[in-house]
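To keep things clear, I will list the structure first and then write my remarks on it.
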């Protein structure tokens, strides 16, 4: 890697989720420039939205605002690019760091198109993990950008979309970025606590976790007035809050061998949490059906408890349990609990 801002140990990239106005962007930048650790100002110029009709970014005119913010503060600038035209416009306005977002890195066609237009430039490129937990897609995006001749490349861990996930906006699944770091040890790994948590109250804890795991830097969303933000207001923090978080972080590195064991256990515990969430949803769905059955029985003056039906259910699950590692006693006890709750709901 050539000399690059990404080589700065503990690099901190901060700024609003979206550039909303020149005043908003520069006001935020001026406050962030007072924080010594902040080296790069980030702001979304083009915003990929899940559904049409929402704010999709100010577009190219916002690049001029970034340039002005850089002029006034001396901070380097960074923005997300999702197409060759985005890359060309950003480089034309002197943006220092381009990042490929998770909705782009998931698509090899898009990454290749960006890679082609990067050829012959000395751009600095960050590659966020794909939305889904596919390490090969992430590694493939890295290799495509490397093939364009780009040497200044960094990785950004922003978490993964996960069905049933309740704790975070995007599940961290720490084992995946750590494995990619083993594959590309020369590339800095930066953590994005804002997008992992989706909650400003949790940013500090995820930032600390990434430091404990020897990540190389942080990218954090910071807005001059988060409650007035046009996008992702719940996960943005003020520059003052950012300074307080930075002051609270413990930078002492812990033993990675021990952490490796903890990460593996955490990964398995996370899977258990996911199954627990799924179980609760399935049981809830089961009881809604029981409620409908109860209404039909009530309307037709039928008994709630039907022994013959219940005996058939027990016989079936006991037979099925023999193909698992579950004991017959456990299966019967579980079914009795479900049956009792079903009866309660039907009688209600």
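The values are calculated or read from the model by the stated rules, or taken from the named source; none is laboratory data. All of these numbers come straight from a predicted model, not from anything done at the bench. Using ideal geometry, Cβ is built from the backbone for each residue, glycine included, and neighbour counts are taken over all protein chains shown.
The criterion of being on the phi < 0 side of the Ramachandran plot and in contact with a strand residue (DSSP E or B) (Cβ under 8 Å, 6 or more places away or on another chain) does not hold for residue 197.
As an exercise: evaluate residue 70 against (1) out of contact with any strand residue (DSSP E or B) (no Cβ under 6 Å at 6 or more places or on another chain); (2) surrounded by fewer than 23 Cβ atoms within 10 Å (Cβ to Cβ); (3) part of a helix (DSSP H, G or I) and give the number of the one condition it does not meet. The failed condition is (1).
Among the residues of region 245-261, is there at least one that is in contact with a helix residue (DSSP H, G or I) (Cβ under 7 Å, 6 or more places away or on another chain), within 30 Å of residue 31 (Cα to Cα) and in a helix (DSSP H, G or I)? Spell out how you get there, then give the answer.
As a first pass, look at region 245-261 and keep what is in contact with a helix residue (DSSP H, G or I) (Cβ under 7 Å, 6 or more places away or on another chain): 245, 248-251, 254, 259.
Keeping just the survivors that are within 30 Å of residue 31 (Cα to Cα) gives 245, 248-251.
From what's left, in a helix (DSSP H, G or I): 245, 248.
Checked against the condition, which is being in contact with a helix residue (DSSP H, G or I) (Cβ under 7 Å, 6 or more places away or on another chain), within 30 Å of residue 31 (Cα to Cα) and in a helix (DSSP H, G or I), region 245-261 yields at least one hit.
Just to check your reading of the model, which residue among 155, 187 is in contact with a strand residue (DSSP E or B) (Cβ under 6 Å, 6 or more places away or on another chain), part of a loop (DSSP other than H, G, I, E, B) and either at pLDDT 95 or above or closer than 22 Å to residue 268 by Cα (or both)? Among 155, 187, only 187 is in contact with a strand residue (DSSP E or B) (Cβ under 6 Å, 6 or more places away or on another chain), part of a loop (DSSP other than H, G, I, E, B) and either at pLDDT 95 or above or closer than 22 Å to residue 268 by Cα (or both).
Going through (1) under 29 Å from residue 162 (Cα atoms); (2) touching a residue at least 12 places away in the same chain (Cβ under 8 Å) one by one, residue 334 falls short only on (2).
Within the bounds of region 244-256, is there any residue that is at pLDDT 75 or above, within 22 Å of residue 217 (Cα to Cα) and in contact with a strand residue (DSSP E or B) (Cβ under 8 Å, 6 or more places away or on another chain)?
Of the residues in region 244-256, the ones at pLDDT 75 or above are 244-252.
Okay, now just the ones that are also within 22 Å of residue 217 (Cα to Cα), so 244-252.
Filter once more, so that each one left must be in contact with a strand residue (DSSP E or B) (Cβ under 8 Å, 6 or more places away or on another chain): 245-246.
There is at least one residue in region 244-256 that is at pLDDT 75 or above, within 22 Å of residue 217 (Cα to Cα) and in contact with a strand residue (DSSP E or B) (Cβ under 8 Å, 6 or more places away or on another chain).
Beta carbons closer than 7 Å, at least 6 apart along the sequence or on distinct chains, pair a first residue in region 54-73 that is at negative phi with a second that is surrounded by fewer than 15 Cβ atoms within 10 Å (Cβ to Cβ) for 56/49; 67/94. Within region 190-203, the residues that satisfy the criterion of being assigned to a helix (DSSP H, G or I) and crowded, with 21+ Cβ neighbours inside 10 Å are 193, 194, 195, 196, 197, 200, 203.
Would you tally the residues in region 321-332 being exposed (fewer than 11 other Cβ atoms within 10 Å of the Cβ) and in a helix (DSSP H, G or I)? Show your work before the answer.
Here is the first cut: in region 321-332, the ones exposed (fewer than 11 other Cβ atoms within 10 Å of the Cβ) are 322-325, 327, 329.
From what's left, in a helix (DSSP H, G or I): 329.
Of the residues in that region, 1 qualify.
If the condition is being over 11 Å from residue 105 (Cα atoms), at pLDDT 95 or above and touching a strand residue (DSSP E or B) at 6+ places or on another chain (Cβ under 7 Å), then region 131-152 contributes 146, 150, 152. Residue under question is residue 29, and the condition is that it be at pLDDT 95 or above and assigned to a helix (DSSP H, G or I); does it hold? Criteria met by residue 29. Sort out which residues of region 1-25 are surrounded by 21 or more Cβ atoms within 10 Å (Cβ to Cβ) and either on the phi > 0 side of the Ramachandran plot or over 26 Å from the mean Cα position of the chain (by Cα) (or both), and write them in order of number. Result: 15, single match.
When you check residue 52 against the structure, is it modelled with pLDDT under 95, more than 19 Å from the chain's Cα centre (by Cα) and not in a strand (DSSP E or B), yes or no? Criteria met by residue 52. Here residue 146 meets each of (1) in a strand (DSSP E or B); (2) more than 17 Å from the chain's Cα centre (by Cα) with one exception, condition (1). Of all the numbered requirements in (1) out of contact with any strand residue (DSSP E or B) (no Cβ under 6 Å at 6 or more places or on another chain); (2) assigned to a loop (DSSP other than H, G, I, E, B); (3) at pLDDT below 95, residue 165 misses one, and that requirement is (1).
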